[in-house]
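The values are calculated or read from the model by the stated rules, or taken from the named source; none is laboratory data. None of these values were measured; they are calculated from a predicted model. All Cβ positions, even for glycine, are placed from backbone atoms using ideal geometry, and neighbour counts span all protein chains on display.
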Amino acid sequence: MVVTSGSIKRGMVETSLCSIGYHILDPHEKGAESSSTPIICLHSSPRSSDEFIDIMPLLSSGRRTIVALDAPGYGISENPYRSCTLEDIGSAFMEAIDGLLERPKKVILFGSLMGNFIVLSLAAHHPELVAACICVNLYYYPSAKVADKPKVKAHSSTIAEKDATAEKEGKQNSKSSGRDDKNDIPHNQNDHSEIPDSWELKSDGSMLAQVYTKRSWVSNDPELNLRISQGEITYLMNRRRRYKHGIAIEDLSTVDLGIHAKKTFCPVLCVKGKASLDFFDAIGLKGTQQFEKASRFLFDHEVKELVGAGSHINLVNQMPAKLASVLDIFLDGRNL
């Protein structure tokens, strides 16, 4: 399925974990090679690839292919067929990238908040593919929090190794009568116990307004707030569906970002939004301190700070032109 919206196309690509939703902007004629390295965009939570719609044309500039992927359970991506870890999601994204770009020689990874975890994991495990990384509002969860939380069992030994059995089972499940049409999740023999969900449905629908209210204070743009709320509501609905089948996605606050950052040797641009870090500082999450801690793990990195009201958690949407300019300077300086 491919839907065209202007020059940006939207569609889905099948992987062994689930069907992955994407937005793609490819200015080249079919079959033509580009001299510019493509950029793969990985969104924050609870957003989707919609987070990058505003900046994609600015980054492309008529010469570069830009792909934004929906993580499993977000946007138009399906729920995963089974419980999965960060590494499982990375493997699925590798399949999606190979399918959409026909096994590119090099890519640039661009992450925002949650997306940074996947960006650095992929960079650490695929140094031959990843030419550079861009991490917006990088955050390193305190080690105590990482140690205290339970882990979701991995289904693949490493992100570089595809689980052939899971791939085979995933494809069979997607075609078999095992799929629950109502919930759009195949039944999985390993995931039986229902998981309690904290999102409470109310008869008057007020839980939907609560989502909007919770997010709207960050931006004075009602259109952006609506997009953000839609993304979160979609995520919450998908979570309810997979929880009924006992399917969990690893909580990235339990992942030690430092492990992957220390193994990332490509150039990394760390963009910090001052308003975002100030917000995390104010609520006790030590945004400034944890950003600095995360960036120090990186072998080859540079830091750029953006300031102003738009430098909050939705920086990618609120400061697209400024951010694109910063990214262009970084990439041009690396001949990418």
Original post:
Which ones in the range 37-72 are of a type in the set (Gly, Ala, Ser), over 10 Å from the mean Cα position of the chain (by Cα) and more than 16 Å from Ile134 (Cβ to Cβ)?
Top reply: Gly62
Original post:
Can we say Leu224 is part of a helix (DSSP H, G or I), more than 30 Å from Pro142 (Cα to Cα), under 22 Å from the mean Cα position of the chain (by Cα) and modelled with pLDDT of 50 or more?
Top reply: yes
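Can you tell me which residue is surrounded by the most Cβ atoms within 10 Å (Cβ to Cβ) among those in the range 55-73 that are assigned to a loop (DSSP other than H, G, I, E, B) and not aliphatic (A, V, I, L, M)?
Looking at residues that are assigned to a loop (DSSP other than H, G, I, E, B) and not aliphatic (A, V, I, L, M), I get Asp70.
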Original post:
Of the residues Ile76, Ile39, which is of a type in the set (Val, Ile, Thr), out of contact with any helix residue (DSSP H, G or I) (no Cβ under 7 Å at 6 or more places or on another chain), at pLDDT 95 or above and crowded, with 19+ Cβ neighbours inside 10 Å?
Top reply: Ile76
Original post:
Out of Leu224, Leu257, which single residue is aliphatic (A, V, I, L, M) and surrounded by fewer than 21 Cβ atoms within 10 Å (Cβ to Cβ)?
Top reply: Leu224
Original post:
Considering Ile118, Ile108, which residue is outside any loop (DSSP other than H, G, I, E, B), farther than 18 Å from Val326 by Cα, touching a helix residue (DSSP H, G or I) at 6+ places or on another chain (Cβ under 8 Å) and at pLDDT 95 or above?
Top reply: Ile118
**OP:** Report whether or not Glu250 is touching a residue at least 60 places away in the same chain (Cβ under 8 Å) and among the charged types (D, E, K, R).
**Re:** yes
Original post:
Which one is farthest from Asn335 (Cα to Cα) among residues in the range 268-321 that are assigned to a helix (DSSP H, G or I) and of a type in the set (Asp, Glu)?
Top reply: Asp281
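May I ask you to verify whether Ile40 is closer than 28 Å to Ile329 by Cα, in contact (Cβ under 8 Å) with a residue 40 or more places away in the chain and not in a helix (DSSP H, G or I)?
Details: closer than 28 Å to Ile329 by Cα: yes; in contact (Cβ under 8 Å) with a residue 40 or more places away in the chain: yes; not in a helix (DSSP H, G or I): yes.
Taking the combined requirement at face value, the residue satisfies it.
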Original post:
Do we find a residue being without any contact (Cβ under 8 Å) to a residue 24 or more places away in the chain, out of contact with any Phe, Trp or Tyr (no Cβ under 9 Å at 6 or more places or on another chain), surrounded by fewer than 24 Cβ atoms within 10 Å (Cβ to Cβ) and more than 23 Å from Leu327 (Cα to Cα) anywhere in the range 10-27?
Top reply: no
**OP:** With respect to Lys244, determine if the residue is over 20 Å from Tyr74 (Cβ atoms) and basic (Lys, Arg).
**Re:** no
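Conditions tested, residue by residue: (1) in contact with a strand residue (DSSP E or B) (Cβ under 7 Å, 6 or more places away or on another chain); (2) within 10 Å of Asn137 (Cα to Cα).
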| site | (1), (2) |
| --- | --- |
| Leu277 | no, yes |
| Gly284 | no, no |
| Gly287 | no, yes |
| Lys293 | no, no |
| Val303 | yes, no |
| Val307 | no, no |
| Gln318 | no, no |
| Ile329 | no, no |
| Asp332 | no, no |
